[in-house]
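Here's the structure, in structure tokens; my notes come after.
The values are calculated or read from the model by the stated rules, or taken from the named source; none is laboratory data. From a predicted model like this one, the values you see are computed outputs, not experimental measurements. Ideal geometry is used to build each Cβ from the backbone, glycine not excepted, and the neighbour counts take in all protein chains shown.
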Amino acid sequence: MISDKQQLKQKLILFQQQISELKQTLTQKEMQFQEREKALFSDLFEIVDGMDNIDRFVTSKQDQMDKTGKKLGKNIGAVHRKLLRQLSSRGIVPILFSDNKAAMETCKIIETRKQPDLENETILEILKTGYMSEQDGTVIRKAEVITVLNADG
């Protein structure tokens, strides 16, 4: 016959095992969620990139467009802004470079160019906007940039 103390001990052990299993399951589910969220944002960033390109093209051709073309350009711009607002409402914001310098944590350098009048790592052009979480500063996608690299010596 098992004493009350032993029964309680067995139940406590069983509860601890269940808690451990639940914690492990929760951790796995959180990781799966984060992966799905990352994939979703990656897909959305591709759409934003396409909208950026269309918006730049339409803006550059604005003077050559008729009334219909200009209206189409405004509508495309409105959709682009709405998409950016949706990301922002979920705490995803573009990475800003107040010092105009590339950093490994926030940038992927696609190309470098010599520019003697500028310091190395100065951003010449942002090819793709980078995005980060406003809440914790986590980089979700690095910006793709062209920077200055002057040979030393």
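For the stretch 71-153, list the strands (runs of 3 or more DSSP E) that sit wholly inside it and hold at least 1 residues that are closer than 26 Å to Met51 by Cβ and aromatic (Phe, Trp, Tyr); which are they? Explain how you work it out, then say what you get.
Details: elements: 92-94, 107-113, 123-128, 131-133, 139-141, 143-148.
So the answer is 131-133.
Of the residues Ser20, Ser3, which single one is over 19 Å from Val139 (Cβ atoms), over 17 Å from the mean Cα position of the chain (by Cα), surrounded by fewer than 10 Cβ atoms within 10 Å (Cβ to Cβ) and not aromatic (Phe, Trp, Tyr)?
Numbers: Ser20 fails: surrounded by fewer than 10 Cβ atoms within 10 Å (Cβ to Cβ).
Result of the check over Ser20, Ser3: Ser3.
Residue check: is Gly50 among the small types (Gly, Ala, Ser), within 16 Å of Leu127 (Cβ to Cβ) and not assigned by TED's automatic domain parsing to the domain that holds Thr138? Break it down stepwise before answering.
On the way: among the small types (Gly, Ala, Ser): yes; within 16 Å of Leu127 (Cβ to Cβ): yes; not assigned by TED's automatic domain parsing to the domain that holds Thr138: yes.
Yes.
Residues to consider are Val148, Val139; find the one that is surrounded by 13 or more Cβ atoms within 10 Å (Cβ to Cβ), outside the structural domain of Leu44 (by TED's automatic domain parsing) and in contact with a Lys or Arg (Cβ under 8 Å, 6 or more places away or on another chain).
On the way: Val139 fails: in contact with a Lys or Arg (Cβ under 8 Å, 6 or more places away or on another chain).
The match here is Val148.
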Residue match in the stretch 43-61 (condition: part of a helix (DSSP H, G or I), in contact with a strand residue (DSSP E or B) (Cβ under 7 Å, 6 or more places away or on another chain) and not hydrophobic (A, V, I, L, M, F, W, C)):
yes
Is it fair to say Val79 is under 30 Å from Met132 (Cβ atoms), in contact with a Gly (Cβ under 9 Å, 6 or more places away or on another chain) and not small (Gly, Ala, Ser)?
no
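Just wondering, is there one or more residues in the stretch 52-71 that are charged (D, E, K, R), under 13 Å from Lys128 (Cβ atoms) and either surrounded by 12 or more Cβ atoms within 10 Å (Cβ to Cβ) or more than 12 Å from the chain's Cα centre (by Cα) (or both)? Before the answer, list the steps.
Start the filter on the stretch 52-71 by keeping residues that are charged (D, E, K, R), which leaves 52, 55-56, 61, 63, 66-67, 70-71.
Cutting the leftovers down to under 13 Å from Lys128 (Cβ atoms) gives us 52, 56.
Applying the additional criterion that residues be either surrounded by 12 or more Cβ atoms within 10 Å (Cβ to Cβ) or more than 12 Å from the chain's Cα centre (by Cα) (or both) yields 52, 56.
Yes, some residue in the stretch 52-71 is charged (D, E, K, R), under 13 Å from Lys128 (Cβ atoms) and either surrounded by 12 or more Cβ atoms within 10 Å (Cβ to Cβ) or more than 12 Å from the chain's Cα centre (by Cα) (or both).
Matching residues to (1) modelled with pLDDT under 90; (2) in a helix (DSSP H, G or I); (3) more than 29 Å from Gln86 (Cβ to Cβ):
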residue: Met1; (1), (2), (3): yes, no, yes
residue: Leu8; (1), (2), (3): no, yes, yes
residue: Leu14; (1), (2), (3): no, yes, yes
residue: Arg36; (1), (2), (3): no, yes, no
